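A short worksheet on the structure shown next.
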Amino acid sequence: MKLLVRLSRLLVSITFIFSGFVKLVDPLGSAYKFEEYFGADVLNLEFLIPYALPFSIVLILAEIILGIMLLVGYLPKLTVWSLLVLIGVFLFLTWYSAYYNKVTDCGCFGDAVKLSSWGTFYKNIVLIVFILILVKGYKYITPLYSIALAKWSTFISFLIFLYIVYHVLIHLPLIDFRPYAIGKNIPVEMEYVGTKEPAIHDFFLESSEGEELTYEVLEADKVLLVITYNIDISDKQGFVGIKQVTDKALANGYQVYALSASMDEDFLKIKNEYKLDFDMLFGDETMLKTIIRSNPGVITLNKGTVTGKWSWVDVDKIKFN
């Protein structure tokens, strides 16, 4: 039993720490995923959509801190029972997604590791077996060194995780696992390799007149895109700095566009208010949320390769050659 508990402790703690970390560096990604789950066509809990971000942060912090507590051996009984409750929630969500084919990617490992719905469900079945072993043999879970060290390791880790969440929400994810990361070439990511679906399959840009400009943008040498997936809920103060940086970009020969899923009339309001000297292209909201975790945010492209990404908070750091 001791050997089973040790093995289970190691596997479960590493899994929860890894899973929590890849979501910790991009909590907005998890929030968008919960918005899908709360939608009318999935769980029909639309009243929870405004709380998707705080809900995701709490769940991410719980996941990673429980992994740490299990690893260092702090409050083992509370830890293993909490893990059992948490994996029960995950098990239900992944079963629901797989059985009803509602959310094809549960986001259990963020954008770092993609699993099918059924693959994720079976992974949780395996985890729940290991966690039940821990519940049965929690008395064999002892601190790695001392109770005091286990306690302070947990407390300090929690403070570090809180700071990371704060930092990435103000700026951008610490690690970008998405196909729009700096250095990625969007046209290459849109290509089929055999029968494998491309990483990017929904990149499409259209002018207000209905003209497709996808490849015109991707083939240009110097492009700056201001991305605001929903203008109504964007941080309007960000457009003050964006006005300054887009003027510099235009002066340096860049093509500048706004990308949004909002109506053209909504963009015209902020265009006039902030005296923006560029036009808007329409793009799918999910695509725009995937490109950058800031509303508004800025990216630069060179022949379809992402050369830079900034939250609106950091646009003053953009340099033009």
Self-check item: Ratio of Rg to Rh over the range 135-251 (Cα coordinates, Kirkwood Rh, two decimals)
Solution: 1.17
Quiz item: Near the amide H of Asp284, under 5 Å away, which other amide H atoms are found, from residues 5 or more places off or on another chain, if H is placed in the peptide plane?
Solution: Phe204
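Average the reciprocal distances over every distinct pair of alpha-carbons in the range 1-82, invert the result, and give the Kirkwood radius in Å.
On the way: mean 1/r = 0.0722 Å⁻¹.
Result for the range 1-82 stands at 13.9 Å.
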Exercise. Return the sequence-ordered ³J(HN,Hα) values of the range 307-321 in whole Hz as given by the Karplus equation 6.51 cos²θ - 1.76 cosθ + 1.60 applied to θ = phi - 60°, using x for Gly and Pro.
Key: 9, x, 9, 9, 5, 4, 5, 10, 5, 5, 8, 6, 10, 10, 7
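Stokes-Einstein at 20 °C, 1.002 mPa s, Kirkwood radius from Cα pairs: D for the chain in µm² s⁻¹? Each step should come with its number before you reach the end.
Values: Rh = 21.6 Å.
Taking Rh from Cα pairs, D becomes 99 µm²/s.
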Quiz item: To the nearest 0.05, how large is the calculated FRET efficiency for Tyr192 and Leu149 if R₀ is 45 Å and r is the Cβ-Cβ distance?
Solution: 0.30
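With both bridge residues required to lie in the range 188-321, what share of the DSSP beta bridges run antiparallel, to the nearest 5%?
Values: 14 of 23 bridges.
Antiparallel: roughly 60 percent of the beta bridges in the range 188-321.
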Quiz item: Binning every alpha carbon pair distance of the range 121-170 at 5 Å from zero, what are the percents per bin?
Solution: 4, 16, 12, 13, 16, 20, 14, 4, 0
Quiz prompt | Per-pair calculated FRET efficiency, R0 = 25 Å: Ser116 and Glu206 via Cβ, rounded to 0.05 | solution = 0.20
Quiz prompt | In nm, spacing of pseudo-spin labels at Asn321 and Asp284 (7 Å Cα→C-beta vector) | solution = 3.2 nm
Practice problem: Give the shape of the range 226-303 as rounded, prolate or oblate, defined through the alpha-carbon gyration tensor: a ≥ b ≥ c are the square roots of its eigenvalues, a/c under 1.5 means rounded, and otherwise the shape is prolate if a/b is larger than b/c and oblate if not. | Solution: oblate
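Going by average Cβ neighbours within 10 Å, how do the peptides 284-296, 183-195 rank, with the highest at the top? Please report the intermediate quantities before stating the final value.
Details: 284-296: 20.3, 183-195: 12.5.
The peptides rank, most packed first, as 284-296, 183-195.
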Quiz prompt | Residue-wise HN-Hα coupling along the range 175-183, computed from phi with Karplus coefficients 6.51, -1.76, 1.60 (Hz; x: Gly, Pro) | solution = 10, 9, 8, 7, x, 9, 5, 4, x
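Could you provide, to the nearest whole Å², the per residue accessible area of the range 143-255 with probe 1.4 Å? Kindly include the intermediate steps, with their values, before the conclusion.
Details: 6550 Å² over 113 residues.
Accessible area per residue: 58 Å².
The values are calculated or read from the model by the stated rules, or taken from the named source; none is laboratory data. These figures come from a predicted structure and were not determined experimentally. Positions of Cβ are backbone-derived with ideal geometry, glycine not excepted, and every protein chain shown enters the neighbour counts. Ligands, DNA and RNA are excluded from the accessible area calculation, which covers all protein heavy atoms including side chains. Shrake-Rupley method; radii C 1.70, N 1.55, O 1.52, S 1.80 Å.
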